[in-house]
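Report on one structure; see the data block that follows.
The values are calculated or read from the model by the stated rules, or taken from the named source; none is laboratory data. These numbers were taken from a predicted model, which means no experiment stands behind them. Here Cβ is always computed from backbone atoms with ideal geometry, including for glycine, and neighbour counts include all displayed protein chains.
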Amino acid sequence: MYPLLKTGFQLNFAQVGLITLTYQCTASLLQPLVGFATDRHPQPYSLAVGMASTLIGLILFSRVPAFSLLLASAALIGMGSAVFHPEASRVARLASGGQHGLAQSLFQVGGNAGGALSPLLAALFVLPRGRESIGWFGIAALLAILILSRIGGWYGRVHPKADSSRPHLPTASRASTLKVGRSLAILMALIFSKFFYLASLNSYYTFYLISKFHISIRSAQIHLFVFLGAVAAGTLIGGPIGDRVGRKRVIWVSVLGVLPFTLLLPHISLAWTGPLTIVIGLILASAFPAIVVYAQELVPGRVGMISGLFFGLAFGMGGIGAAVLGRLADATSIMTVYQVCAFLPLLGILAGFLPDLERARRKRRGDR
């Protein structure tokens, strides 16, 4: 939607970034608090409540006449996300049958698939009809509220049984506070690297393509759709691979392994830009399900808080990244954004310092 909003409200790049910052920071600040509260007092129907906030924000977003009200609408959508994600992540883990990485990937790929479809829908449906047509997508949110009410009822029935049969805490829970704190700090640095870079593509990829290759807005939206589709696919495969080969390996390879491709991106032709962003999306997106499940295992018994913290951090880094990179684009050029961000995956080196939780668990079983 950003090219349409930029023209309709006569925004600069910094204001475009501020929309993302408002939405994502609202979600970022509230999610850990919601997760902490629901760890103590689960709220099965908060899933539907969060979606209702998103519905209201979406309808307002399609109608408001001023930039300040546009920011308020984005904040409502962010609040809906904050309420939804911690409990939704807990539900996914509860329904996983022990395949926590697969469940987390399936949960996350829903959001990524929606994100991938959005530029395509914007190009085919919203651009020809105007911003007011966004309100029609409220029908999907309304349907989601009905579905989530049913899921909330199932969760309310199953959750007490899960609590009564909760297994002993895994080996990771006996790690020293210092080791846990250091590991969480490393994971947060990796989240910064991943989502700061993704902000450059999510928010400014269409502008980059239009500026460098002089293609139409619709063509740029289709390129963005292809990239976000690759992100969805990477999210889907990251969790199951982590279940099989270990989450630490997936985290390390997916963040550091994308570095050669990000360094190459600003220097290639349009014909190669699309395929290269597909590779970047596939590799980089595979990290997040592994990071979330790794953190849940590192701090067991705090699924809501950890999920809220890392989803919130992801949104926050995306929002801050969009705002900072918007300022950088205004001060220099959109090309500079991609030349600077290309080095962010270097932080993937830090993944080598994470403890191997799977090895510790296997050793513990062997001692028994």
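Looking at region 202-223 only, could you name the residues that are modelled with pLDDT of 90 or more and of a type in the set (A, V, I, L, M)?
Answer for region 202-223, where residues must be modelled with pLDDT of 90 or more and of a type in the set (A, V, I, L, M): 209, 210, 215, 220.
Working carefully through the options 105, 96, 81, find the one that is hydroxyl-bearing (Ser, Thr, Tyr), outside any helix (DSSP H, G or I) and surrounded by 15 or more Cβ atoms within 10 Å (Cβ to Cβ).
96
Given 226, 253, which one is under 15 Å from residue 201 (Cα atoms), surrounded by fewer than 24 Cβ atoms within 10 Å (Cβ to Cβ) and of a type outside the set (Lys, Arg)?
226
Run residue 53 past the list (1) more than 15 Å from the chain's Cα centre (by Cα); (2) crowded, with 24+ Cβ neighbours inside 10 Å; (3) over 22 Å from residue 302 (Cα atoms) and report the number of the one that doesn't hold.
(2)
Could you figure out which of (1) hydroxyl-bearing (Ser, Thr, Tyr); (2) closer than 29 Å to residue 180 by Cβ; (3) surrounded by fewer than 23 Cβ atoms within 10 Å (Cβ to Cβ) isn't true of residue 294?
Among (1) hydroxyl-bearing (Ser, Thr, Tyr); (2) closer than 29 Å to residue 180 by Cβ; (3) surrounded by fewer than 23 Cβ atoms within 10 Å (Cβ to Cβ), residue 294 violates only (3).
Would you point out the residue of region 147-182, among those that are of a type in the set (A, V, I, L, M, F, W, C), farther than 16 Å from residue 42 by Cα and assigned to a helix (DSSP H, G or I), that is modelled with the highest pLDDT?
This residue is 147.
Looking at region 299-320 only, could you name the residues that are over 14 Å from residue 101 (Cα atoms) and more than 13 Å from the chain's Cα centre (by Cα)?
299, 300, 301, 302, 304, 305, 306, 320 - these are the residues of region 299-320 that are over 14 Å from residue 101 (Cα atoms) and more than 13 Å from the chain's Cα centre (by Cα).
Filter region 1-48 for residues that are among the β-branched types (Val, Ile, Thr) and within 30 Å of residue 157 (Cα to Cα); which is surrounded by the most Cβ atoms within 10 Å (Cβ to Cβ)?
34
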